[in-house]
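Down below is the structure, laid out as structure tokens.
The values are calculated or read from the model by the stated rules, or taken from the named source; none is laboratory data. Owing to the predicted nature of the structure, the values given are computational and were not obtained by experimental measurement. Here the Cβ positions follow ideal geometry from the backbone for every residue, glycine too, while neighbour counts run over all protein chains shown.
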Amino acid sequence: MKSKLAILGGNSIRTKDFPNRKSMGEEEIEAATRVLKSDVLSGFIGAAGKYFNGGKEVIEFETLWADSYNFKHAISVNSWTSGLQVAVGAIGLEPGDEVICSPYSMSASATVAFMYGGIPVFADLETDTYGLDPKSVENRITPRTKAIIVVHIFGYPSNMDSIMKIAKKHNLKVIEDAAQAPGVYYKGKPIGTIGDIGGFSLNFHKHIHTGEGGLLVTNSDKIALRCQLIRNHGENAIEAYQLKDISNTIGGNYRYTELQAAIAIEQFKKLQAILDHRKVVGAFLSSRLREIEGLNIQKIEKGCTHSYYMYPIRYDKNIFGVSRNLFLRAVSAELPKPKYWDTTPITEGYVKPLYLNPIYQNQIAIGKKGFPFNLNKQVKYDYSKGICPVTEKLYEEELLLSPLVREGMKKEDIKDFADAIEKVVENISDLRDSNLSNDPSQDVYDAIKAIDENV
Ligand SMILES: *Cc1c(COP(=O)(O)O)cnc(C)c1O
């Protein structure tokens with residue numbers, strides 16, 4: 001249908017704000033109040049014994065999550081960044097070991113390797129899952145490779161069958177970063193324990209949260225114990241556990257509080273309903289976008305689920321003849337200006353490929369002498385632009401992300417979003433013929449910057 005685009009002075013599709021996310025209910029308030037009244041805000045003691053693994057709420061929360069997915073062990077931590085660091089230690093990383101990482105994730109999915117003297121090596125992505133491309137992973141393997149950190153980015157599982165096959169063949173450990181994918185399944189199996197260890201984030205932006213927090217899961221008794229040691233001053237407990245191999249058991253304080261755990265129990269009870277709602281809303285959006293040439297949406301494989309932490313769309317500028325940024329600005333102009341990240345309709349690019357960050361560019365991580373890169377003197381690590389072309393193209397030209405597939409959003413709201421996209425697509429020639437800039441550095445509005453900083 002021909003109509004004047006809002007960015008060219010026409011009427012917009014919608015002016016009413018999108019509904020905000022509301023995450024805390026009476027249940028959480030009651031749980032928090034109960035713990036406050038008990039006066040026991042943390043149940044941990046930093047020495048072996050009854051309280052080494054936390055208090056009543058912490059144990060109950062871990063048990064609840066583990067039992068729901070048949071995970072043998074769940075270990076809560078104060079953030080998923082802490083969890084990833086604990087996981088890297090628990091699998092026995094040695095200084096100088098290489099860890100194959102995704103370049104397109106929250107920075108911690110790679111930097112945690114440094115904490116044990118490991119060196120992140122980046123493999124490229126496949127565009128159907130946005131997870132690690134098994135072929136690229138295999139190309140990056142050297143005699144020094146110890147582990148792969150797989151990220152189930154945006155809430156869709158990575159290609160675990162192929163990754164696990166490669167890991168077995170080369171005797172590598174696999175860590176699953178499922179921060180964005182709680183309760184997600186890969187070919188019928190819950191993600192998190194398909195690899196050796198995995199886990200979830202409970203930070204404010206995730207599906208369920210306690211402000212900050214994280215949860216490790218594993219089916220290995222040995223790895224679970226090592227996680228518990230690293231979480232809580234393990235050096236004080238190794239004798240009590242009669243541990244022979246005491247390497248990597250120096251602990252931090254990554255403990256989760258009783259207050260957070262009590263809230264987390266109530267949050268967890270809501271997880272499946274959140275996922276069910278996102279599935280309905282996500283499927284509706286997909287049904288609207290599927291037929292549009294030039295917008296590529298994710299295909300959900302049989303037995304796999306999507307948590308829609310973000311709804312990803314791959315934009316083909318050759319079909320539309322305008323830059324992704326101009327398309328994004330035109331869609332955004334059809335919709336209310338967001339007041340906060342959760343009502344931002346659409347954003348572009350996700351994060352800069354991680355290897356382009358200064359730590360990798362300068363190979364300065366711990367101290368000033370180049371540790372740990374300098375542990376393998378014979379190796380020249382390459383973090384130059386061009387090493388992951390698929391990722392760079394996603395970042396620079398292709399990827400659009402929407403955080404609107406979430407609780408609080410109804411089909412009518414998603415319909416407006418889809419209508420806005422459709423209107424821009426139908427009138428793309430007006431956009432092409434306009435004198436609006438295709439310059440990718442044009443700001444849509446400040447909120448879009450906010451989402452990049454916050455997610
Ligand atoms: C959120 C997130 C993290 C970090 O989790 P925190 O709990 O904020 O420390 C790591 N990886 C991915 C993919 C994330 O989305």
Check your understanding: Which residue, of Glu212, Glu235, Glu239, is surrounded by fewer than 20 Cβ atoms within 10 Å (Cβ to Cβ), modelled with pLDDT of 95 or more, within 15 Å of the ligand (Cβ to nearest atom) and not aliphatic (A, V, I, L, M)?
Key -> Glu212
Revision key, fill the gap. Flagged in the range 12-54 as under 17 Å from Ala262 (Cβ atoms) and either at pLDDT below 95 or among the hydrophobic types (A, V, I, L, M, F, W, C) (or both), in numbering order, are Met24, Ile29, Ala31, Ala32, Val35, Leu36, Val40, Leu41, Phe44
Exercise for review: Scan the range 201-219 and give yes if some residue there is over 30 Å from Ala273 (Cβ atoms) and not in a loop (DSSP other than H, G, I, E, B), otherwise no.
Suggested key: no
Check your understanding: Does Gly131 satisfy the criteria of being of a type outside the set (Ser, Thr, Tyr) and under 30 Å from Glu62 (Cα atoms)?
Key -> yes
Point to revise | Filter pass, Glu138 being surrounded by 19 or more Cβ atoms within 10 Å (Cβ to Cβ) and acidic (Asp, Glu) | key: no
Practice item. Go through (1) of a type outside the set (Asp, Glu); (2) over 22 Å from Ile250 (Cα atoms); (3) in a strand (DSSP E or B); (4) more than 12 Å from the ligand (Cβ to nearest atom) one by one and return the number of the condition Gly183 breaks. Key: (3)
Study note, to complete from the structure: Restricting the range 371-391 to residues that are without any contact (Cβ under 8 Å) to a residue 40 or more places away in the chain and of a type outside the set (S, T, N, Q), the one nearest to Ile359 (Cα to Cα) turns out to be Asp382
Check your understanding: If a residue has to be in contact with a helix residue (DSSP H, G or I) (Cβ under 6 Å, 6 or more places away or on another chain) and either surrounded by fewer than 11 Cβ atoms within 10 Å (Cβ to Cβ) or in a helix (DSSP H, G or I) (or both) to count, how many in the range 290-299 make the cut?
Key -> 1
Exercise for review: Could you check Ser287 against (1) under 29 Å from Ala87 (Cβ atoms); (2) in a helix (DSSP H, G or I) and say which number it fails?
Suggested key: (1)
Review point. If you check Ser68, Ser82, which single one turns out to be closer than 18 Å to His209 by Cα and either without any contact (Cβ under 8 Å) to a residue 60 or more places away in the chain or within 16 Å of the ligand (Cβ to nearest atom) (or both)?
Key: Ser82
Point to revise | Every pair of residues 6+ apart whose Cβ atoms lie under 7 Å, when the first sits in the range 403-415 and is exposed (fewer than 15 other Cβ atoms within 10 Å of the Cβ) while the second is outside any loop (DSSP other than H, G, I, E, B) | key: Lys411/Val281; Lys411/Phe284
Check your understanding: Looking at (1) on the phi > 0 side of the Ramachandran plot; (2) in contact (Cβ under 8 Å) with a residue 60 or more places away in the chain; (3) out of contact with any Leu (no Cβ under 6 Å at 6 or more places or on another chain), can you tell me which one Gly211 breaks?
Key -> (2)
Point to revise | Residues of the range 289-312 that turn out to be more than 16 Å from the ligand (Cβ to nearest atom) and touching a Ser or Thr at 6+ places or on another chain (Cβ under 7 Å), as a count | key: 1
Review point. Mind checking which residues of the range 326-346 are within 22 Å of the chain's Cα centre (by Cα) and in a loop (DSSP other than H, G, I, E, B)?
Key: Tyr340, Thr344, Pro345, Ile346
Practice item. For residues that are in contact with a strand residue (DSSP E or B) (Cβ under 7 Å, 6 or more places away or on another chain) and among the polar types (S, T, N, Q), scanning just the range 315-358, find the one that is surrounded by the fewest Cβ atoms within 10 Å (Cβ to Cβ). Key: Asn325
Check your understanding: Which is β-branched (Val, Ile, Thr) and either farther than 30 Å from Asp433 by Cβ or touching a Gly at 6+ places or on another chain (Cβ under 8 Å) (or both), of Ile263, Ile292, Ile313?
Key -> Ile263
Check your understanding: If you scan the range 134-180, which residues turn out to be in a strand (DSSP E or B) and away from the ligand (no atom under 16 Å from the Cβ)?
Key -> Thr145, Lys146, Lys173
Review point. Residues in the range 117-124: is at least one closer than 17 Å to Val351 by Cα and within 13 Å of the ligand (Cβ to nearest atom)?
Key: no
